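Report on the following structure.
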Amino acid sequence: MSTESFDFSLGDAGGGPRGEGGDPLGAGPGPEGTEAEVSRPAFWEALYARGEDGWELGAPTPPLRALLARGRFPSGRAAVLGCGRGHDARLLAARGNAVWGFDFSPTAIAEARRLTPPAPGPSERAAGPPPTFEDRDVFSLPGVYPGFFDLAWEYTCFCAIHPSRRPEYVQAVRRILKPGGLLAALFYPLRDGSGGPPFPVRQDEIRRLFEPWFVFLEAAHPAESVERRRGLEWLVVMQRPPGEDTG
């Protein structure tokens, strides 16, 4: 698949220059990406090289800021899946978590490391150490970090994975969490259709995939979504059952 007409644009979110000139809602599918294509780092590297990283906000995700502001999560080990340039990982670290950001794009990881100061900046005192950024496929994580994390944060990773691999993704996330660990996921884009990435998501599909393995604690359309994504996002906090065996 050529990436020339690829559209993952989310629009200008007020946090940076990315995503300009794309679909005004940022929810339209790009050309159909095959499982093999979107599962290779080279596909995403090409988008970074062309400046077509329309998922980039240039700042932490507003609904994540809101969750942290109301003390929704205890401090602990946190994984950011598909971390990109690491904005959300740095925010979680600043709130006292030990954070690992994972992405299989070398460009994303290099940028995340470049943007992460070794010590707290003058405008925001970090309560935890700087995040660790690792070049890893999320599907490989259970073999490296089994039952390791207290929290996983997901945003625009699920919709970048080919839908045929979504059951596998659910298991990967479950297996890296400790029993009782939390998955906070901002699912996007809520729309009909099948093309992508971003591949569409539906609330009933999310429940069908995750509810056999997780306890849903809260689910809502976040009021804090950036304007062009309002009504297209669904924020879910779910828990791996506390009494479940690791594995």
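Side notes on the structure shown:
- Dimensions (Å) - the range 124-247, Cα atoms, principal axes, largest first: 39, 35, 29
- The charge dipole of the range 84-174, taken about its Cα centre with unit charges on the Cβ of Lys, Arg, Asp and Glu (plus for the first two, minus for the last two), comes to roughly 120 debye.
- The range 202-247: Cα Rg divided by the 2.2 N^0.38 Å rule of thumb: 1.40
- Length gained on full extension, Asp204 to Ala42, computed as 0.36 nm times the residue gap minus the Cα-Cα distance: 55.1 nm.
- For Thr132, residues with placed amide H under 5 Å, excluding near neighbours: Val99, Trp100, Gly101
- At R0 = 35 Å, FRET efficiency that the Cβ-Cβ distance of Arg50 and Val215 yields, to 0.05: 0.25
- Low-density loop cleavage sites - trypsin sites (Lys or Arg not before Pro) in the range 103-192, where at most 10 other Cβ are within 10 Å (DSSP): Arg125
- Unit charges on C-beta of K, R, D, E only; dipole of the range 170-228, Debye: 280 debye
- Extension gain (nm, one decimal) between Glu244 and Asp192, 0.36 nm per residue minus Cα-Cα: 15.3 nm
- Alpha-carbon Debye profile of the range 57-209, log10 I(q)/I(0) at 0.11, 0.19 Å⁻¹: -0.41, -1.24
- Calculated FRET efficiency, Ser75 to Glu35, Cβ-Cβ distance, R0 = 51 Å: about 0.85 to the nearest 0.05.
- Vicinal HN-Hα couplings computed from phi for the range 218-234 (Karplus, 6.51 cos²θ - 1.76 cosθ + 1.60; Hz; Gly/Pro x): 7, 7, 6, 7, x, 5, 8, 3, 4, 3, 6, 10, 4, x, 10, 10, 9
- Remark: the Gln171-Asp137 segment gains 10.8 nm on full extension, using 0.36 nm per residue and subtracting the alpha carbon distance.
Only the coordinates and a few stated rules stand behind these numbers; no lab work does. Quick caveat, the model's predicted, so the values are computed rather than measured. FYI the Cβ positions are ideal-geometry reconstructions off the backbone, even for glycines, and counts take in every protein chain you see.
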